[in-house]
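The values are calculated or read from the model by the stated rules, or taken from the named source; none is laboratory data. As the structure is a computational prediction, the values presented were derived from the model and not from experiment. Please note: Cβ atoms are built from the backbone with ideal geometry, for glycine as well, and neighbour counts cover all protein chains shown. Calculation scope for accessible area: heavy atoms of the full protein, side chains included, ligands and nucleic acids excluded. Shrake-Rupley method; radii C 1.70, N 1.55, O 1.52, S 1.80 Å.
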Amino acid sequence: MRIAVAKETREGETRVAMVPELVGKLTGLGYEVAVEPDAGRHALLADEEYADAGAVLDADALASADVVVSVQPLSPQAVRRLKQGAATISFLPVNQEHSLVADLRDVGATSFAMELVPRISRAQSMDALSSQALVSGYRCAIVAAGMLRRFFPLNMTAAGTVQPAEIVVLGAGVAGLQAIATCKRLGAVVKAYDVRAAAAEEIRSMGAKSIDLELDTLEGAGGYAREMTEERARRQMELLAPYIAAADALITTAAVPGRQAPLLVTSEMVEAMKPGSVVVDLAAESGGNVEGSVAGEVTRIGNASVWGGKNVPASMPGPASKLYAQNIVNILTLMTRKPEGEGAEGGVFAPDFEDEIVVGACVTHNGEIRHAATREAIEGPSEGEPQS
Ligand code: NAD
């Protein structure tokens, strides 16, 4: 069976879904690996490296593949070229991609969305949201350090002492904790806040101070946060305002699954920051944690420069691709049936639809939208389902 590695076509995407060093894992499972020429170019991975690793280079790889792997969803044109019954594995934000999901249904493709892989311990090695959040969190800290025109660490010299920078991090999930760890490694003083109770201990374990606002915590399902009420959001802003005003840099990474990012910081709160302050909003693309931040741009609010993140993992395509490719290898391994009988060769792509990881990640299969919320959003409530 053939796995195709797509060359990414969306603007600004520099990552690639498979790296040469992991091609051997797929051929080891019994697959032929076909790579579209130049697929790894932006991640500084040459076609020859894929060929040396045992892949074939094929400009028409997508049309002949049983499984197509990519970072971003395929284009509608690429979906129309898929072989009958082919499978796709990629990020696929189902809320924003209704037309593409309908196309995948109509061509009979089996599509899996990496965002939908359930957050259970067995699926940790396939969790691409976490692997890419790790890259984003690190990058946010480096961006803040690069933009801030002062030292992160304390410096005690013969010429005098320079105090360390004070950083506030809001949202201490995978990205936030990585941002905290990176700021600490650079020597800054870090304070952080998250709405989940479990986060306080994790913040402290990174050597940062956990900000306690004495508000109720918002633990949701699967280790995620719940949405705030308006009243709680207002209280949280009031209580956070003095911490933000005192910070040299503010890094925000807060998200609530399936929703717009919560607004945590008003432009008024940013205006109260000191001259030269820096704000890094990782959530800018999904609505922004900071009022006035713009994805992919640096804006000026009061005395602060506000950096809005846009496809942040793509700014470190090498490591981001390697981690994503490992997630892909792990999910493909789960979906591969080993050949039976002595001497039998070649694994078969045969996802087990009894497995909660397979079911959870599946968007379309056999001409149907299997992801219930997406099906309802696109096709309306089906008969027998209560109308809400
Ligand atoms: P995320 O990207 O959805 O959110 C980032 C952070 O923002 C979260 O920590 C959330 O609590 C926080 N947040 C949301 N609203 C906020 C608000 N109003 N104010 C401040 N903070 C707010 O989450 P994530 O980083 O992908 O994951 C969150 C947690 O889930 C992780 O820390 C981890 O404990 C858990 N997790 C579990 C698994 C697993 O079991 N397989 C995998 C990954 C993560």
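Let me know the whole percent of all Cα-Cα pairs from region 179-318 that are separated by more than 24 Å. Walk me through the numbers on the way to the answer.
Details: 2805 of 9730 pairs.
Cα-Cα pairs of region 179-318 separated by over 24 Å account for 29 percent.
Taking R0 as 22 Å, what's the FRET efficiency between E268 and R150 from their Cβ-Cβ distance, rounded to 0.05? Provide the component values of the computation, followed by the final result.
Details: r = 24 Å, r/R0 = 1.10.
With R0 = 22 Å, the Cβ-Cβ based efficiency is 0.35.
Taking all protein chains in place and a 1.4 Å probe, what share, in percent, of the accessible surface of region 283-352 do carbon and sulfur account for?
On the way: 1520 of 3150 Å².
Roughly 48 percent, rounded to a whole number.
Please list, in order along region 46-63, the HN-Hα scalar couplings obtained from phi with the Karplus expression 6.51 cos²θ - 1.76 cosθ + 1.60 (θ = phi - 60°), rounded to whole Hz, x for Gly and Pro.
7, 3, 4, 5, 5, 4, 4, 7, x, 8, 9, 9, 8, 5, 10, 4, 5, 5
For D58, list long-range residues whose amide hydrogen, built 1.01 Å from N in the peptide plane, is under 5 Å from its own amide hydrogen.
Those qualifying (amide H under 5 Å, at least 5 residues apart or on another chain) are V35, E36.
Per the Kirkwood formula on distinct C-alpha pairs, the Rh of region 1-96 is how many angstrom? Please report the intermediate quantities before stating the final value.
Details: mean 1/r = 0.0755 Å⁻¹.
The answer is 13.3 Å.
How much length is gained if the chain between E291 and E21 is pulled fully straight, taking 0.36 nm per residue apart and subtracting their Cα-Cα distance, in nm to one decimal?
Working: separation 270, 0.36 × 270 = 97.20 nm, distance 4.21 nm.
Residue separation times 0.36 nm, minus the Cα-Cα distance, leaves 93.0 nm.
What ³J(HN,Hα) values, in whole Hz, does the Karplus curve 6.51 cos²θ - 1.76 cosθ + 1.60 give for region 164-173 when θ = phi - 60°, with x put for Gly and Pro?
Those phi angles translate into x, 6, 9, 10, 10, 10, 10, x, 10, x Hz.
Given R₀ = 30 Å, FRET efficiency for L239-E376 by Cβ-Cβ distance, to 0.05? Walk me through the numbers before you get to the answer.
Values: r = 38 Å, r/R0 = 1.28.
So the FRET efficiency works out to roughly 0.20.
Using only Cα atoms, what Kirkwood radius does region 106-255 have, in angstroms?
On the way: mean 1/r = 0.0592 Å⁻¹.
When all Cα pairs of region 106-255 are included, the Kirkwood radius is 16.9 Å.
Long-range amide H contacts for T88: which residues qualify at under 5 Å (H placed 1.01 Å from N, peptide plane, sequence gap of 5 or more or a different chain)?
The list, which skips near neighbours in sequence, is V68, T110, S111, F112.
Go through 103-112, 270-279 and give me the packing order, highest mean Cβ count within 10 Å leading. Don't skip to the answer; put the middle values down first.
Working: 103-112: 21.8, 270-279: 18.8.
Sorting 103-112, 270-279 by mean packing, highest first, produces 103-112, 270-279.
Please give, to one decimal in nm, the separation of the simple spin-label points placed at T229 and D352, each 7 Å out from Cα toward the Cβ.
The two pseudo-label positions are separated by 4.5 nm.
How much of the accessible area of region 102-251, in percent, comes from carbon and sulfur atoms when a 1.4 Å probe is used? Let's see the in-between values first.
On the way: 3720 of 6830 Å².
The value for region 102-251 is 54 percent carbon and sulfur by accessible area.
Using Cα positions and a limit of under 25 Å, work out the lysines in reach of K25, with same-chain residues fewer than 8 apart set aside.
The reachable lysines, counting only those whose Cα sits under 25 Å from K25, are K7, K83, K322, K338.
Which order do the peptides 57-63, 319-325 come out in when sorted by mean C-beta neighbours inside 10 angstrom, highest first?
Per-residue Cβ counts within 10 Å, averaged per peptide and sorted highest first, yield 319-325, 57-63.
Once Rh for the chain is found with the Kirkwood sum over Cα pairs, what is the Stokes-Einstein diffusion coefficient at 20 °C and 1.002 mPa s, in µm²/s? Don't skip to the end; give the middle numbers.
Working: Rh = 22.5 Å.
My calculation gives 95 µm²/s for D.
At a Förster radius of 41 Å, what calculated FRET efficiency corresponds to the Cβ-Cβ distance of S125 and A159, to the nearest 0.05? The partial results should precede the final answer.
Numbers: r = 50 Å, r/R0 = 1.22.
My answer for the efficiency is 0.25.
Using a basic spin-label model with each label point 7 Å from the Cα along Cα→Cβ, how many nm lie between E368 and E49?
4.3
In whole Hz and in residue order, list the ³J(HN,Hα) couplings for region 75-81 that follow from phi through the Karplus curve 6.51 cos²θ - 1.76 cosθ + 1.60, θ = phi - 60°; x for Gly and Pro.
6, x, 5, 5, 4, 5, 8
Checking understanding here: applying a Kyte-Doolittle mean of at least 1.0 and a length along the axis of at least 27 Å (C-alpha), which whole DSSP H helices in the chain pass?
Numbers: long enough: 128-147 (28 Å, 1.07).
Correct list, ordered by number: 128-147.
Write out the GluC sites (Glu not before Pro) in region 156-227 meeting two conditions: DSSP loop, and at most 13 other Cβ atoms within 10 Å of their Cβ. List each step's numbers first, then the result.
On the way: sites: E166, E201, E202, E214, E219, E227; in loops: E214, E227.
Those that pass, being in a loop and sparsely packed, are E214.
Are there any GluC sites (Glu not before Pro) in region 1-42 that are in a DSSP loop and have at most 12 other Cβ atoms within 10 Å? List them by number.
The qualifying sites are E11.
Tell me, what is the per residue accessible area of region 224-378 in Å², probe radius 1.4 Å?
Values: 7130 Å² over 155 residues.
On a per-residue basis, 46 Å².
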